[in-house]
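Let me begin by presenting the structure, written as structure tokens, before commenting on it.
The values are calculated or read from the model by the stated rules, or taken from the named source; none is laboratory data. All of these numbers come straight from a predicted model, not from anything done at the bench. In this analysis, Cβ positions are derived from the backbone assuming ideal geometry, glycine residues included, and neighbour counts consider all displayed protein chains.
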Amino acid sequence: MAIRKIITLDDRRHGHILREKAKKVTRYDAFLEKLVADMWETMRDAPGVGLAAPQVAIPLRVLVAEYEGQKAVLVNPEILKKSEEEERGEEGCLSIPGYIGENIRRALKIVVKGRNEKGEPVKVTAEGWYARILQHEIDHLDGILYIDRLDNPKDLKEVSEDEEGEPLVSSAASQTTA
Ligand code: ZN
């Protein structure tokens, strides 16, 4: 496994990948298995609770997420059900360091289907923060970032960074840095 570079929106060479629709995975091979293993390692190192392949400059529909004992690899994820009930919450993004967004609306509950890196079918039912993380990551696969979902531009807040450049944010926000 290896830690890959997480690209940020201001990256001149690769930043555009964050704004493009990622391609469907058609081959379940060693390349994909290595990508997923690296994504886990990169996400945990960051640290974050979710990571989408475009964030490591791979424009494929692959995400990993892990929150409070719940974890999933989703290749070609599709949202099957989305509750009408929404929840507002804070989000950060590893590709937009130094900022958090407040009052971001997400469905409270979702059901997602996809495949894992071996091509086996996966179905995930998620609620609350975990559902938020998955929606955030699925957005990444469509080139959508949380900053696109702000109801009010004032909800984008700059957060102070320590010497190492790690954002110092509330625990709730760091739990959703994805
Ligand atoms: Zn993100």
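I want to confirm something. Restricting to segment 143-178 and keeping residues that are within 12 Å of the ligand (Cβ to nearest atom) and at pLDDT 95 or above, which single residue is surrounded by the fewest Cβ atoms within 10 Å (Cβ to Cβ)?
D148
For segment 49-79, how many residues are touching a residue at least 40 places away in the same chain (Cβ under 8 Å), more than 15 Å from the ligand (Cβ to nearest atom) and of a type in the set (A, V, I, L, M)?
Of the residues in that region, 4 qualify.
Those residues that are over 17 Å from V49 (Cβ atoms) and part of a helix (DSSP H, G or I), I need them from segment 123-148; list them, please.
Selection gives I147, D148.
Looking at this structure, is K123 touching a Ser or Thr at 6+ places or on another chain (Cβ under 9 Å), modelled with pLDDT of 95 or more and more than 16 Å from the ligand (Cβ to nearest atom)?
Answer is no for this residue.
When you scan segment 79-99, do you find a residue that is in a loop (DSSP other than H, G, I, E, B), hydroxyl-bearing (S, T, Y) and modelled with pLDDT of 95 or more, even just one?
Yes, segment 79-99 has at least one match.
Hey, T42 hits all of (1) in contact (Cβ under 8 Å) with a residue 24 or more places away in the chain; (2) over 14 Å from the mean Cα position of the chain (by Cα); (3) over 19 Å from Q135 (Cα atoms) but one; which does it fall short on?
T42 satisfies every listed condition except (2).
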